[in-house]
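Enquirer: Handing you this structure, nothing more for now.
Just so it is clear, none of the values below were taken in a lab; they were calculated from the coordinates. Please read all numbers here as calculations on a predicted model, not as lab measurements. Note: ideal-geometry Cβ built from the backbone for every residue, glycine included; neighbour counts use all protein chains shown.
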Amino acid sequence: MEQDKQKKKPVHLVQKIDNFQNLGSPMLRFRSSLEGPCIGERFANFIMNFEERKRWDKQIDAVDELYPIYDTDAANMVMGFKYGECSRLGVGYCATKPNFVVSGREQLTLCGIQDFDNGSCVIWGTEMEDRHNHLLPNVPRRERARSHLFSTVIQPTGPNSFDVEYVLQLDCGGNIMPWMTTPVIVETVKSLFNHARKYFKGGEGSELAKFLEEQQQMDHTHSLFSDKQGLLLAP
């Protein structure tokens, strides 16, 4: 296991296990401590939303939630609430631009968000098999990259701070050796955490402040309606 510690940076720990589970590509683990409210959905948006993703990932070319599963209640019943409460689930597609190491890549992934009572959250994804290729969008095919493992755990450490553990084992496909692609992956993930640090630090007039204000207004509206009796119900 290789390890890199950077205490004063957004990513203060990077660990690598080469050829994890004999799959050829290394498993990478990143750890970070960030200032701000622990909101898993906001962090997931950096990865799952194209407009957010392209703000920190220069190589991203497409991110699309192809088949969202809106009935998360059914998913929770199947899982028996053993792994928190599923708040988002679906099949997504992403594609990257070519760079100096590899040509453009594409992925088809089942992703989800699991929320826990203590405010923690797990963002996870697993690559779809070749038998699911009919779900790919009708665009020119690219070399397929595969995430053997992807998981991001977010846990509050205080009223305005949280820790993040980001784990990824990505096979970039083709005949490119892992030692060539791993440094690119590491720098890309560090860009994600740099963006997250700026976003969650917030401040007056920031995107986060506007989001929290909108959430408070929605919660207030919901509370008002839930307290009122239906017009057709007797008092």
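Enquirer: Helix-only mean residue ellipticity at 222 nm, the chain, DSSP H runs n ≥ 4 weighted -39,500 (n - 2.57), per residue, nearest 500. What is it?
Expert: Values: 5 runs with 66 residues, N = 235.
The per-residue figure over the chain is -9000 deg cm²/dmol.
Enquirer: Taking the Cα centre as origin and putting +1 on Lys and Arg beta-carbons and -1 on Asp and Glu beta-carbons, what dipole magnitude results for the chain, to the nearest 20 debye?
Expert: The calculated dipole for the chain is roughly 900 debye.
Enquirer: Let me ask another. What is the set of long-range amide H partners of Ala62 at a cut-off below 5 Å, with H atoms built 1.01 Å from backbone N?
Expert: Distant-sequence amide H within range of Ala62: Ala95.
Enquirer: Give the residue list of trypsin sites (Lys or Arg not before Pro) in the stretch 75-184 that are DSSP loop and have at most 15 other beta-carbon atoms within 10 angstrom.
Expert: Arg141
Enquirer: Read phi for every residue in the stretch 135-148 and hand back ³J(HN,Hα) as whole Hz from Karplus 6.51 cos²θ - 1.76 cosθ + 1.60, θ = phi - 60°, with x for Gly and Pro.
Expert: Values per residue, Gly and Pro as x: 7, 5, x, 7, 9, x, 6, 10, 4, 8, 9, 9, 8, 5 Hz.
Enquirer: A follow-up question, please. Could you point to the residue in Val164, Ile39, Gly80 farthest towards the positive end of the chain's charge dipole, with +1 and -1 charges on the Cβ of Lys/Arg and Asp/Glu respectively?
Expert: Positive-most Cα among the choices belongs to Val164.
Enquirer: Give me P(r) over the chain, computed from all C-alpha to C-alpha distances, binned every 10 Å, as integer percentages.
Expert: 7, 27, 35, 20, 7, 3, 1, 0
Enquirer: With the cut-off at 31 Å, tell me which of the pairs Lys9/Lys82; Lys58/Lys201; Lys82/Lys198; Lys16/Lys201; Lys82/Lys210 have Cα atoms farther apart than that.
Expert: From the list (Lys9/Lys82; Lys58/Lys201; Lys82/Lys198; Lys16/Lys201; Lys82/Lys210), the Cα-Cα distance tops 31 Å for Lys9/Lys82; Lys82/Lys198; Lys82/Lys210.
Enquirer: In the chain, which longest range has no chymotrypsin sites (Phe, Trp or Tyr not before Pro) that are both DSSP loop (not H, G, I, E or B) and surrounded by at most 15 other Cβ atoms within 10 Å?
Expert: On the way: sites that count: Tyr70, Phe81, Tyr83, Phe100, Phe116.
Segment 117-235 is the longest.
Enquirer: Can you tell me the 0 to 90 degree angle between the C-alpha axis of helix 178-201 and the longest principal axis of the chain, rounded to 10?
Expert: That works out to roughly 20 degrees.
Enquirer: At most 10 other Cβ atoms within 10 Å plus a DSSP loop assignment makes a site exposed; report the longest stretch of the chain without any exposed GluC sites (Glu not before Pro).
Expert: Values: sites that count: Glu129, Glu204.
Longest run free of exposed loop sites: 1-128.
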